[in-house]
Amino acid sequence: MSGDNRRRLDMAIVDDIQLVSVRIEGQLIGLPITSVRDVFSIHAMTPVPRADRAVAGLVNLRGHIVTILDLGSLLNARKTGRPKDHEPMAVGVEWQGEVFGLVVDEIGDVLSLSADSSEAMPANLGHSWTRFTRRVHKLERELMIEIDLHALLETMTLQAA
């Protein structure tokens, strides 16, 4: 492979975006795979009295205490309570040296998307979404909102201070 072809291939790889797909209230959401540490089900969670509504509780995850946040509440997208018919699923993310679990309604696949599948945020997207949305991706059958986890967790940190 020539140097020019190798550079084009490297640029194409850089242009690919890998997202872990999750659902909140039926909305497809993408989380950058570089921010996702693991995916786990929550068997037992301890509630935290008087905590922010986004704090679902604490769990013991492989010997470490992990704060569980409700992603739907953080995004102000939770219209109803979390589904009770199955064990909650969470996406583990690391933020400022600490691990958090983000509770979601469903966990999907890792999607590899080209940069040209994305568009700027629509002007009519609600304020709570625009603050935390990186971009919107056109998929075959629906739209996926890519969340900026850095901005989202930074806001949570500021609320706690």
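Computed from the coordinates by the stated procedures, all read-outs in this text should not be read as laboratory data. Quantities reported herein were computed from a predicted structural model and do not represent experimental measurements. Virtual Cβ from ideal backbone geometry, glycine too; neighbours counted across all protein chains shown.
Couple of notes before you dig in:
- Taking label positions 7 Å along the Cα-Cβ direction at both SER112 and LEU139, the computed distance is 1.7 nm, reported to one decimal.
- FRET E, pair ASN76, GLU98, Förster distance 22 Å, beta-carbon r, rounded to 0.05: 0.45
- Straightening the chain between ASP38 and ALA120 buys 26.7 nm, computed as 0.36 nm per residue apart minus the Cα-Cα spacing.
- Measuring r between the beta carbons of HIS64 and HIS150 and using R0 = 22 Å, the FRET efficiency lands at 0.50.
- Candidates per trypsin sites (Lys or Arg not before Pro) in the stretch 41-130, loop by DSSP, up to 12 other Cβ within 10 Å: ARG50, ARG53, ARG62, LYS79, LYS84
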